[in-house]
1. Among the strands (runs of 3 or more DSSP E) confined wholly to the stretch 52-159, which include 2 or more residues that are farther than 29 Å from L39 by Cα and open to solvent by less than 30 Å² (accessible area, probe 1.4 Å)?
2. When you go through V105, V60, V121 one by one, which is the residue that is under 30 Å from R45 (Cβ atoms), among the aliphatic types (A, V, I, L, M) and at pLDDT 90 or above?
3. In this structure, does V77 turn out to be out of contact with any Phe, Trp or Tyr (no Cβ under 9 Å at 6 or more places or on another chain), modelled with pLDDT of 85 or more and of a type in the set (V, I, T)?
4. How do the pairs read when you match residues in the stretch 1-28 that are under 30 Å from P46 (Cα atoms) with residues anywhere that are of a type in the set (F, W, Y), using Cβ under 7 Å and keeping only pairs 6 or more apart or on different chains?
5. Are there any pairs, at least 6 apart or on different chains, whose C-beta atoms fall under 8 Å, with the first in the stretch 132-159 and more than 26 Å from T83 (Cβ to Cβ) and the second β-branched (V, I, T) and open to solvent by less than 30 Å² (accessible area, probe 1.4 Å), and if so, which?
Amino acid sequence: MHYLLFMFPVWLLYMLLTGNWALNNILTGLVLAGLVALLIRPQKRPFSWKRLPDALLASVIYLVRLLWDLLISGLQVARIVLTPSLPIKPGIVAIPAKCESDWGVALSAHAITLTPGEMVVEIDDDGVMYTHMLDASNPDEQVEAAQNIRRNLLSRIFV
């Protein structure tokens, strides 16, 4: 039953994005939603109405924070690219995710990869994200502060 509860929003999103309500597209959407459910294998979790407002607030804060990080990182990369001396010290940095859920680790890695100048290249079994950075000259302070914020917000969302 929880697979169907997962499949319905995926199917609805597919239908809204395609805008085609023909029978063959409806069936295609159902097949794709079923395949997504089989790939993700959603876990049955208890729902708590008391936790919902905090999770929604954390989701909004997470989204605003992500957009802010995208803006700031984009400006930093533009500054680096436009500087004739190209002041970069690229490197791989290990960032411990320390998230309790797989969704938290995945969204944290996604947020890092979305920001210009950074890309998660591997996540090991312990949840450490190996991230390529354009400027890895002083990663400890930047990375730890940003990851703590992401981790706290994601733990409020995915408890």
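The values are calculated or read from the model by the stated rules, or taken from the named source; none is laboratory data. All of these numbers come straight from a predicted model, not from anything done at the bench. Reconstructed Cβ throughout: ideal geometry from the backbone, glycine too, with neighbour counts over all protein chains shown. Accessible surface is based on the protein model in full, side chains and every heavy atom, while ligands, DNA and RNA are left aside. Shrake-Rupley method; radii C 1.70, N 1.55, O 1.52, S 1.80 Å.
1. 91-96
2. From the options V105, V60, V121, the qualifying one is V60.
3. When the stated conditions are applied, V77 passes them.
4. That search, which allows pairs on different chains as well, returns M15/W21.
5. Pairs that qualify, where the first residue is more than 26 Å from T83 (Cβ to Cβ) and the partner is β-branched (V, I, T) and open to solvent by less than 30 Å² (accessible area, probe 1.4 Å), are Q147/I95.
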